[in-house]
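The values are calculated or read from the model by the stated rules, or taken from the named source; none is laboratory data. The structure displayed is predicted, hence computed values, not measured ones. Positions of Cβ are generated from backbone atoms using ideal geometry, with glycine treated the same way; all protein chains shown enter the neighbour counts.
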Amino acid sequence: MTVQGESADHQWVDDHAGPVVRPYAVTRGRARPVTGTFDLISLVTATRAEVTPEVGIGPEHLAIVGLCQRIQSVAEIAAHLDLPVGTIRVLLGDLAARSLVQVREPQTTAGLPDNSIFEAVINGLRAL
Amino acid sequence: MDYGHSDRPAGAPPLPTAIKILVAGGFGVGKTTMVGAVSETRPLRTEEVLTESGVGIDDLSGVEGKTTTTVAMDFGRITISDDLVLYLFGTPGQDRFWFVWDELALGAIGAVVLADTRRLADCFPSIDYFEGRGTPFVVAVNCFEGARSYRLDEVQTALNLDPGVPVLLCDARQRESSKEVLVTLMEHAMKTREARRRAAGGN
């Protein structure tokens, strides 16, 4: 990575970046997020409407923030950006470390206090 | 529970609860069809890239033997209410992707095992897996045209299922039919959970 600021970043967008970006190139070689676990159904929402580019925040990070103006699961983010889930987890870790996204990890069945979620799902399905 | 992300506007509603249900079964049995039949959008596809780390990571001679595999999962979403979202995940069809199943099954509220009576054995691994993990499941026999119809108790016997496991017929292409499968699963999962709580409390 260069540290020359925006002009360097702008050389590597769209077609200039080539038709294929290897997943680990997007994460600059990192396989694990700096923070968080990010289950496939962890829900993510952006904390800001816009993020100004800064060092360590790439186009994929900005794309996630744009997408998460509406609440999305980790799996949905991966599907919409057409990147592997492992890559998305690393990028989300960067964003969470900067408090640019808020994440809600799913509840386990054993942790549910009562049957209300089951009943809500059954009623919701019947009403579809 | 709240980890205090102070940038979130104070008036913003809390994030909804997400739950997941798995749709398993053999290759071509209709998993993605069922996910699509009940989801609010067409099924989405997400991929995991898996690296089989070989022996001797620092050994350059091992590099050419290092392989990556991409496992695709189709999934869909049903928004139950403002604070509850249900995700349906079709499991990868091949047995060698068990480790992906482990991630998917973690925290899953239950599973639908789709069966085709012409190839009943294809769903054995799924049934074994959920029985072993204690994940509540139902068996839904997808009624393909041209397949001989069997009575449900014949299927139950052939699969050697616990009598408590619901077995039902379905048409995975039909929204109403797939909804009924999910409702049956949720009722079964709720009963299973209550029975386990009673058993745990009674000792």
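General remarks:
- Contact map, the stretch A:80-103: first residue within 23 Å of residue B:72 (Cβ to Cβ) and at the interface with chain B (Cβ under 9 Å from one of its Cβ atoms), second residue of a type in the set (Ser, Thr, Tyr) and part of a strand (DSSP E or B), Cβ cut-off under 6 Å, separation 6 or more or different chains; pairs are A:85/B:46.
- Filtered by the rule that a residue be in a helix (DSSP H, G or I), more than 17 Å from residue B:156 (Cβ to Cβ) and free of Cβ contacts under 8 Å to residues at least 60 places away in the same chain, the stretch B:102-117 gives B:102, B:103.
- Some residue of the stretch A:56-69 being within 16 Å of residue B:87 (Cα to Cα), small (Gly, Ala, Ser) and either more than 10 Å from chain B (Cβ to nearest Cβ) or without any contact (Cβ under 8 Å) to a residue 60 or more places away in the chain (or both): no
- Scanning the stretch B:82-96 for residues that are over 25 Å from residue B:157 (Cα atoms), free of Cβ contacts under 8 Å to residues at least 40 places away in the same chain and either facing another protein chain (nearest Cβ under 10 Å) or more than 12 Å from the chain's Cα centre (by Cα) (or both) yields one hit, B:96.
- Selection of the stretch B:134-170 for residues being touching a strand residue (DSSP E or B) at 6+ places or on another chain (Cβ under 9 Å) and farther than 17 Å from residue B:118 by Cα yields B:135, B:136, B:137, B:138, B:161, B:165, B:166.
- When residues of the stretch B:1-25 are limited to those that are in contact with an Asp or Glu (Cβ under 8 Å, 6 or more places away or on another chain) and modelled with pLDDT under 90, the one farthest from the other protein chains (Cβ to nearest Cβ): B:13
- The lone criterion from (1) within 10 Å of another protein chain (Cβ to nearest Cβ); (2) within 30 Å of residue B:145 (Cβ to Cβ); (3) out of contact with any Ser or Thr (no Cβ under 9 Å at 6 or more places or on another chain); (4) at pLDDT 90 or above left unmet by residue B:41 is number (4).
- Close pairs (7 angstrom Cβ cut-off, 6 or more residues apart or separate chains): on the phi < 0 side of the Ramachandran plot in the stretch B:180-202, surrounded by fewer than 17 Cβ atoms within 10 Å (Cβ to Cβ) and of a type in the set (Lys, Arg) anywhere: B:183/A:126
- Of the residues making up the stretch B:57-82, just one is over 21 Å from residue B:175 (Cα atoms) and modelled with pLDDT of 90 or more, namely B:82.
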